[in-house]
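Please read the structure below before turning to the comments.
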Amino acid sequence: MQLMRIGPVGAEKPVVRVDDTWYVDVSDLVRDFDAAYFAGGHDRLREAVAQRVRAGDVARFDGERIGAPIARPHQILAIGLNYRDHAAETGQAVPEEPILFTKSPNTLIGPNDPVRRPRGSQKLDYEVELGIVIGSRTSYLDSPEQARDAIGGWVLVNDVSEREFQFDRGGQWAKGKSAETFNPAGPWVATPDEIADVNDLALWLDVNGERRQTGSTATMIFDPYVIVHHLSQFMVLEPGDLIDTGTPPGVGMGFRPQRWLNPGDVVELGIDGLGRQRQEILDAR
């Protein structure tokens, strides 16, 4: 299934995408795509949706706003420098184990909502990434293979970053990653059965129509199952938690001279099987 939330900010309803034209409204079956939903699994909803599709009980998309496909998570975790070429372009060593940082959960926005450049920002950057949605309460997994059962879905995310806040003002990654609007997600969460091989997905990102990033999850240093297993040794992962898994090369800080985002710029990005996003850059409120 492809899980979406559509409607105004704060009043999104859960739906299941059928295709570009049709969806199934499941707001009478599911309160939201939140921790309680992911903890319960997808099977019951999958059968109900199939019955409604067979009965023609579908609705047409009509320009509704697309929200983040998960409700505000308990936590957003992120992995840094998870592609060798990206580590090289930033002048940093290839990590020997996953580099963990956090993003504030209130960075989460819809895939086409505007991104706001924070006050004082001089080095706003972009990062197309695969996101993991946790499906069950998880700790101390025995192996990466066991992590497969802990994953509730996959999602496209943009790990927006302010590099001056991240590197030049105390070297705190969370500070450079947690401003308002810094985690567009969606348009949908694909349940695990939707993606044949998550370790072979193409990623791309354009700025103002110019291709900046092209990559594949096949070149990750630590694949999603290794990441979930690793994190489970240090913390409890909760249903609905979101993990951003790192970005391929081509970020603004990797260019010479560096190329930062400015108000009026348009960022578009996508991952095979997970849709695409479009954000306009605006100044702070």
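The values are calculated or read from the model by the stated rules, or taken from the named source; none is laboratory data. Every value quoted in this text rests on a predicted model; they were computed, and no experiment measured them. Counting neighbours? That spans all protein chains shown, and the Cβs are built from the backbone with ideal geometry, glycine included.
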### Task
State whether the residues of the stretch 10-21 include one that is farther than 23 Å from PRO114 by Cβ, outside the structural domain of GLU238 (by TED's automatic domain parsing) and out of contact with any Phe, Trp or Tyr (no Cβ under 9 Å at 6 or more places or on another chain).
yes
### Summary
Picked from the stretch 212-226 (must be of a type outside the set (Val, Ile, Thr) and farther than 12 Å from ASN199 by Cβ), the residue farthest from the chain's Cα centre (by Cα) is ARG212
### Task
Pick out, from the stretch 228-285, the strands (runs of 3 or more DSSP E) lying fully within it that include 2 or more residues that are of a type in the set (Lys, Arg), at pLDDT 95 or above and under 23 Å from SER216 (Cβ atoms).
275-283
### Task
Using the structure shown, decide if ASP241 is touching a His at 6+ places or on another chain (Cβ under 9 Å) and of a type in the set (D, E, K, R).
yes
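Given the structure, is VAL115 of a type in the set (Val, Ile, Thr), over 15 Å from LEU3 (Cα atoms), more than 13 Å from the chain's Cα centre (by Cα) and at pLDDT 95 or above?
Numbers: of a type in the set (Val, Ile, Thr): yes; over 15 Å from LEU3 (Cα atoms): yes; more than 13 Å from the chain's Cα centre (by Cα): yes; at pLDDT 95 or above: yes.
When the stated conditions are applied, VAL115 passes them.
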### Query
Considering the stretch 227-241 alone, what residues qualify as being over 16 Å from THR191 (Cα atoms) and surrounded by 18 or more Cβ atoms within 10 Å (Cβ to Cβ)?
ILE227, VAL228, HIS229, LEU231, SER232, LEU237
### Task
Examine the stretch 138-146 for a residue that is surrounded by 24 or more Cβ atoms within 10 Å (Cβ to Cβ) and not in a loop (DSSP other than H, G, I, E, B), and state whether such a residue exists.
no
